[in-house]
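Below is one structure, written out as structure tokens; the observations come after it.
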Amino acid sequence: MATAATFPTLPEAAAAAEYLIRSGILASAAQVNDVWKGSSARVEVNQSDLERARALMDEFHKEKADLQDDWEDQTRPDLSALDPALAPACPNCRSILPLDASLANCPACREPVDVVSLIVARHGPEALDACYEPHDLNLNERELEDLHASCACGYSLHGLPGTGTCPECGAPYNKIGPLFGDRRDEQP
Ligand SMILES: [Zn+2]
Ligand SMILES: [Zn+2]
């Protein structure tokens, strides 16, 4: 896999990966923890799609600039999927904050709070994994067939359904696979 783009957070990379998938390029988003640079998220594609993917990422950034508000809503993690025990305490008054990523002020003391950063500071970025399930990526048959995926044997699956068996080697495949790739720790 090759990196088509890098984003500060996983939801942003996932939105970008979804954009590529809807344009027919198989992509996945992966959180990368770099000991030196902190964590970031990458959009990865097959090497053979890299040039097209990078061009589409330019388009994506332009569209994103036009839709800034929607974009913020879309990439905000859905904290309702989290274990309620992860709800952080307000740093000012210690009251437990609701699991709401859009919360700007503590309901008790009105001090500004950022629920997402409080959870990450306390439990690490992996605590948010449950919020990033690819729940709303509903591709139709046509979009799935258009995806430029390859079987592990190298055979192109373009034009074939989303899941099936490879006509070349007979192995079962699933084109979409996990949209949100595995978390990895980079070697320095
Ligand atoms: Zn408070
Ligand atoms: Zn194959």
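The values are calculated or read from the model by the stated rules, or taken from the named source; none is laboratory data. Being a predicted model, the structure only gives us computed values, none of them experimental. Here Cβ is always computed from backbone atoms with ideal geometry, including for glycine, and neighbour counts include all displayed protein chains.
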Number of positions in the stretch 87-119 that are assigned to a helix (DSSP H, G or I) and either surrounded by fewer than 18 Cβ atoms within 10 Å (Cβ to Cβ) or within 15 Å of ligand 1 (Cβ to nearest atom) (or both): 3
The stretch 76-99 residues that are closer than 10 Å to residue 115 by Cα and modelled with pLDDT of 90 or more, paired with ones that are β-branched (Val, Ile, Thr) and near ligand 1 (Cβ under 10 Å from one of its atoms) (beta carbon under 7 Å, 6 or more apart): 87/96; 89/96; 90/113; 97/113
Which numbered condition residue 154 misses (of (1) at pLDDT 90 or above; (2) at positive phi): (1)
Filter result for residue 139 (modelled with pLDDT under 80 and hydrophobic (A, V, I, L, M, F, W, C)): yes
